1. I need to check one value: relative contact order of the chain, counting alpha carbon pairs closer than 8 Å and at least 6 residues apart, in percent.
2. Can you compute the modelled spin-label distance between residue 700 and residue 63, with each label point 7 Å from Cα toward Cβ, in nm?
3. Which one, 123, 171, 454, projects farthest toward the positive side of the charge dipole computed for the chain from Cβ point charges (K/R +1, D/E -1)?
4. Between the alpha-carbon centers of region 690-734 and region 5-29, tell me the distance in whole angstrom.
5. Lys and Arg at +1, Asp and Glu at -1: add these up for the other residues within a Cβ distance under 14 Å of residue 413 and post the number.
6. Non-local amide H neighbours of residue 736 (under 5 Å, H modeled in plane, Pro and chain starts lacking H): which ones?
7. Work out how much length residue 303 to residue 588 would gain on full extension: take 0.36 nm times their residue separation and subtract the Cα-Cα distance, in nm to one decimal.
8. Using modelled backbone amide H atoms (1.01 Å from N, in-plane), which distant-in-sequence or interchain residues come within less than 5 Å of residue 747's amide H?
Amino acid sequence: MPLRRVMATSWPPIILTTVFTLALLLHYDVGLLGLVVYALYLALGVSLPGVLAWRLLLSSLHDEDRAPTWLEDLSLGTIFGFGIQLPVYLIGVWIGFPLLMVLLPIAAIMVSALPLGRRTWSLPTANVDVRAAWALALTTMYGLAWLGRKVFGLRPLDQPTGIDETFHHALISEIAHRFPPQIPFLLDTRLDYHWFVHAQIATSDHATGLGPITMLREVMPSVSMGLAVLGLGAVALRLTGRPFAAAAAPALLVAGAYQLMGPHYHLYLFYEPFLSRRFVSPMQPYGVVMSMPALMLILEVLRPDRRAGRLTWLALALSLFALSGAKATFMPVFLCGAVAAWLLILVFARRVDRTLSGLAVLLVVVNVFAQYVLFGGQSGGLAFDPFVTTRSALNHDNVDKTALSMVVMTLVLLTGWLLYGVGAFGILKAGLWRDPRAMWLAFSVPAGIGVAFLFFRSGLSQLWFQRTVAEMVVLLSAWGLSLLVPTFTRRQGAVYAGVAAGTGLAALALATFSASRRKLATDATLVSLVATVLFPIAVVIVFAVVGRLLERRTDARGVTPWSASALCVFAVLGLGSMNVYSLAYDTITQRVQSQPKYRALWAAGGVPAAEYVERHSGVDDIVATNVHCQKPRPSRCDNRNFWVSAWSERRIVIEGWGYTAETNQNYVKGQANASIPPPDPERLKVNDAAFKDPSKQTISALFRAYDPSWLFVSKAYAANLEGLAALDGSMLTKKFENDNYVVYAINSSH
């Protein structure tokens, strides 16, 4: 194939993005061999069976005039592959053979050799507009570059681990060896959590040996970034048929949140764009990724011009179940949108929409499954507390809570969360608001935003609902934008892009000025908040006037090539590009970033001691430890201690008790959950007696109650080391010791 023809295909952006990703991860110390093995695992173990199953279930779509593209099949099929791999892996863990998942690629190869498989692979598949492919590649590389500078570069793999990371590591260690899973650091406590991503990382670790830390910090965020961009592009392309929308939706999602507090203002708590420091928290990005097939299929079954077949509904059901344990916030939001759209049609059209009825029933079933099978029927401590998010945001910015500041901050949050949805004006202008797809998307958004304003959960976790609807906001916007500008010339495109770029630069300049002023004036923060709300309005007014003037100009055919509405929408959407400019400037100038300090969570020698237990014990062995609080002998115990279970990969009688449903249910307003006492004080008493007052009686009591096989002793925490040593050879057998830790095996015969 001539080079010119190759350059006109999607191969160059694919190759460039792949090389960029590899170079980035290699730069941040991920090993080349590990990356190659992971790439083979992803291609053969996930993509191959996933794409085959996706094409097989949705073969009817390939018979239409607008056949799916390779982008849709490859991105959504790969994500679907994660979903079908999970139950196979869990069955393998249950029967003691985690690598049972290798049956999937073997089965995919065997099916591909059959007539059914050959027909499935030969289904007509459309090409992707090369301009859209380049746009998706650039968006992906920008997102990865952001992760490199803002996350990977500030948290090298050789740095100490953090509290949340040990929590996720502990869950990965649990699901790597045992099913059904439990909370590993609090024995016999059910795992009421969205743990599918931890199972996925455990699967990857079994297949590649990359290790949980590398997967959590760098590999999984990078994979999630790429699949989120490609998946959302595929959904937008399927919804609109416009390559422009496929490029616009991911770009809007990744660009970041608009604000005028300063170019380096920390967004991760309240504005919370898709890209933030919390991106490395594995559940949300993985949930966004896993939501893409479900999102595309819901929009497909709601299409008003065709009736979805049974296999499409089956694919939707499988996608929803795969999403249900990835991130808990998606299911109720999807259900609220379906019920609201159903009611609207019932009230105003006076008919029962059968498709929405079926969708609502399916979503109820999946919600019930998630709530009672995965999460044990617990609410997670979600409590009604209107505008606690607004009050917390004001506290964060040191602004006095007055009626004015409450209103302003509420508007600021709404502006930051919904600004990227202004393109939805095109849907209203085109009269498509009656489309069931538009109604479902439009009603899902306020459901997520409403929870963020009306409820409270420890750690401001109500904000995850707001983050959940971000992809729907940008999807509505890209759809409406494609309707506002159904076609445009290169000149028009250049003008629209220039307008968006110009408003982004203006926002960056204003934010920079605001940041400098905030250092000098105490009231500047409130002024910056007001400006954040008013500046988009000013932009609309200016470009509405400019657009009206341009609309008076006509071409040779007497047709005006300009749209004031489109000009205003592009101008407002361009405000978020300030973050792109800021990252580029900081990278070029090598602006020094404040290096976060991660203190060691345990004394030297802790990992070797825990790894000794892992190597010399059975997967069902139970460990007792005297390590509970974050610090030895604290004035107030921080209950978020998980590292012993993480590195030993064993269940602990009681280590920490933070982040559990029992702890969250004991929440007291004004008290941090990290300081809540243990939900079972008697367990802690029996456990600690074996360390503080070791004797035949105390160790036997511990053994009878919880059947531990090992004592993991930290010399820094409360323990009678001489008393324990005196029992060596009778009740206990010392197996390991270093400067800070001792490991004993409990002799059950005594």
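Coordinate-derived values only; no laboratory data. Predicted model, so just to flag it, every value in this text is computed and none were measured. In this analysis, Cβ positions are derived from the backbone assuming ideal geometry, glycine residues included, and neighbour counts consider all displayed protein chains.
1. 14
2. Taking the two extended label points, one gets 7.5 nm.
3. Sorting the options by dipole projection puts first 123.
4. 56
5. Once positives and negatives cancel, what remains is 0.
6. It is 743, by chain and number.
7. 98.0 nm
8. 732, 733
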